[in-house]
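Shown next, in structure tokens, is the structure this report addresses.
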Amino acid sequence: MPIDLTEVRELFFEESFENLDMMESNLLDLEVGRIDKELINGIFRAAHSIKGGAGIFSFEHIVNFAHAAETLLDEMRNGEHIVTQSLIDLLLRSGDVLRMMLSALQENTDYDIQEAQACQDELQSALKDSMENPFADIDVADMLAAPVTKPATSEKPPSSATNKGWRIVFKPDLSMLKTGNDPINLFRELASNGELEVKVDTSQIPAFAELDPQACYLNWELTLLADTERAAIDEIFEWVEDDCELHITALDSESPPSLPLQKEGEPTLEAAPALDKSEAPTVEAAKEPADKREESGVGRIIGSVKDTKHTHSATHHATEANSIRVGIDKIDNLINMVGELVITQSMLDQIGENLDNSHVTQLRDGLAQLERNTRELQESVMRIRMLPISFSFNRFGRLVHDLGTQLGKKVELKLSGEHTELDKTVLEKMSDPLVHLVRNALDHGIETPEQRRAAGKPETGVLHLHAFHQGGNIIIQISDDGAGFDVQKIRAKAIQKGLLSHEERPTNEQLYEFIFQPGFSTIEQVSDLSGRGVGMDVVRRNIRALGGTIEVKSKRGQGSTFSIRLPLTLAILDGQLVRVGQEIYILPLLSIIESLRAKPKLVNSLAGSAQVYRLRDEYIPILRLYDLFGITPRTTQLEQGLLVMVEGDGQKMGLFVDELLSQQQIVIKSLESNYQKVEGISGATILGDGSVALILDVAGLIRLFHTQIPQKRPNFRSSL
């Protein structure tokens, strides 16, 4: 029966993108002029894993490209190349090309083959011997048996008399193919060292009816004629050493192999005949339906790579993963909680069968236990979706490196709180806002080395990404020690755009809010990278869509900090139920500052029928929810209701409600997907009695408030 490799193929892509991320991180940690073998070994292993996995699916373009990068890394760790910035940049570019090729294969699209070839040529020219790949024209199926000879070159003489070569007895376990290892890749590596003779033992193959298509029944004796060190042979087989029996002896050794492939009475070991080209699987054959292909050995596991001219360049970013790697401890907790839930359910069933007044106490205890189990089960399930923010933070090392070089700036990236976890969906949707803020900090925040020296600062600027939990939320801070915001320029620009009058005297924090206005920037010439303020309205809108907020703190000459507050998950929030008339609404606890009984003497009226409430020398606008939603309230007198002070988009507002009800966790249902988008409403939920309650969007309510009175902006006059 055909083998379904779809899941294995997707796993290969997922692990390859992870290996590329690890390669990039280690390359950025390399120091020029210093050979850090541990780092280089890590990069080498990642490239080797990608090459090995690509070989399983016969992605020969990737195998050849990764082999060139792997060889250069091997020479680097052996001290044959010093670590230079140009080599680091070349290997970083190689990772980008591999990512592009893998993304194209995964999405079945074209990639820029000219860019890939140009990068591979650079890798070849950087190699010590600049030798062309000897396997470009070799059919994969022929590698099973046919001797392969490495082309002789004038630069590298044939084997010396010190060692004639090696005899290798290789007997894979039956399950080796299931681990993703492929003998063909091993033979290819061996053949790159010299002349390789391959003999195959087929005596272990069972009758057809008993054959397992995923088992490896073949054994091999390999003879390598090359002056190669034993360590190089061991390294080739290190990936399969736990999945095979292996014996390696030097050809000049008098002792025969201690692990014979044949037993007494079994057929004599002979060189296997090479497969005829008409029988061997080809790239074209892979395009046929699976049931029409030959099902012969390892050669049947093959993929297709387009050889046409590639015009589309895949993006640098890895394709968004559709799976999550979950720690076994989280799975164990989930299983335990399901077990507890089953026990509680059985207990309640038993009580229900004989329910009378004497069992009321037991019933209450059982329901309390059910509530605890349900809450713990919910938390366990939510933890499965939680990923460390390092998945997002780690990508910025490359971005800072490339932009710093492009802008001629020296920047040190500091990361802290990388293990802070948040929901996978939140993490993915925060990617673009974080990229924009980091690019802004590099382009217009941190100064050039000359400017920093003139200001008495170190030449190297610091960009700090920090994440931590605070209550039921996560805080992400992007800080730089650059020039900071010029509040005078912001004020002048706001007056110029009609957002502020000459008489108004806002605080610095209020002035910073203007940078989130569309098209607002104090930079005269906006670069192609970023401009302070250009796109910042989009950043805020994306963060607001996640139920979060963003605040700015800055000091001229010392730097700026953007603080993003986000919920841990988009599926559940902690909410405060409030009543207005006969309706119940829900306010996110994240947005609530405090609630109070209004005192009439602290209420002031402004032109346009707007009211503000003086709270500790701060004047906060009042929004009557009954008026906004057109419903009949229990009272219209402020002193007879409650004011709930909320904050959104850096602005405060007092919401007038009839009364506060309970606080509880809310399961959010999308209003937009089930009905339509409503300004001021972020979603809906179903309460315990089955009724539907709307979840209020504080930032949206504030925007609605400013469109309902003549003044379309907050009044900052000090006369208040």
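Data for the structure
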item	result
Selection within the range 16-39 - under 18 Å from the mean Cα position of the chain (by Cα) and of a type in the set (Asp, Glu)	18, 21, 24
Residue 390 modelled with pLDDT under 85 and either at positive phi or of a type in the set (Ser, Thr, Tyr) (or both)	no
Residues being without any contact (Cβ under 8 Å) to a residue 12 or more places away in the chain and of a type in the set (A, V, I, L, M, F, W, C) - total across the range 493-517	1
Search result, residues across the range 606-630 that are over 15 Å from residue 705 (Cα atoms) and exposed (fewer than 14 other Cβ atoms within 10 Å of the Cβ)	616, 617, 618
Qualifying position, being at pLDDT 80 or above, over 20 Å from the mean Cα position of the chain (by Cα) and surrounded by 13 or more Cβ atoms within 10 Å (Cβ to Cβ), among 361, 405	405
Test: residue in the range 436-446 that is surrounded by fewer than 18 Cβ atoms within 10 Å (Cβ to Cβ), within 27 Å of residue 537 (Cα to Cα) and without any contact (Cβ under 8 Å) to a residue 40 or more places away in the chain	no
Qualifying residue in the range 154-171 (condition: modelled with pLDDT of 50 or more and either of a type in the set (A, V, I, L, M) or outside the structural domain of residue 244 (by TED's automatic domain parsing) (or both))	yes
Scope the range 590-605; condition crowded, with 16+ Cβ neighbours inside 10 Å and over 15 Å from residue 694 (Cβ atoms); matching residues	590, 592, 595, 598, 603
Single residue of 641, 648, 654, 683 found to be within 23 Å of residue 596 (Cα to Cα), buried (at least 19 other Cβ atoms within 10 Å of the Cβ) and out of contact with any Phe, Trp or Tyr (no Cβ under 9 Å at 6 or more places or on another chain)	648
Any hit, the range 371-390, residues being within 21 Å of the chain's Cα centre (by Cα) and of a type in the set (S, T, N, Q)	yes
Scope the range 563-579; condition modelled with pLDDT of 90 or more and either over 18 Å from residue 668 (Cα atoms) or within 32 Å of the chain's Cα centre (by Cα) (or both); matching residues	563, 564, 579
Residue list for the range 420-470, filter: in a loop (DSSP other than H, G, I, E, B) and among the small types (Gly, Ala, Ser)	455, 456
Breaking point among (1) at pLDDT 70 or above; (2) part of a loop (DSSP other than H, G, I, E, B), for residue 295	(1)
Any pair with Cβ under 6 angstrom, 6 or more apart, that starts in the range 100-128 at a residue that is under 23 Å from residue 87 (Cβ atoms) and ends at one that is β-branched (Val, Ile, Thr) and assigned to a helix (DSSP H, G or I)	101/62; 116/97; 119/97; 127/71
Residue in the range 580-598 that is assigned to a loop (DSSP other than H, G, I, E, B), more than 30 Å from residue 665 (Cβ to Cβ) and assigned by TED's automatic domain parsing to the domain that holds residue 695 present	no
Residue in the range 171-185 that is within 43 Å of the chain's Cα centre (by Cα) and under 24 Å from residue 77 (Cα atoms) present	yes
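The values are calculated or read from the model by the stated rules, or taken from the named source; none is laboratory data. Quantities reported herein were computed from a predicted structural model and do not represent experimental measurements. Heads up, the Cβs are rebuilt from the backbone with ideal geometry, glycines too, and the neighbour counts pull from every protein chain shown.
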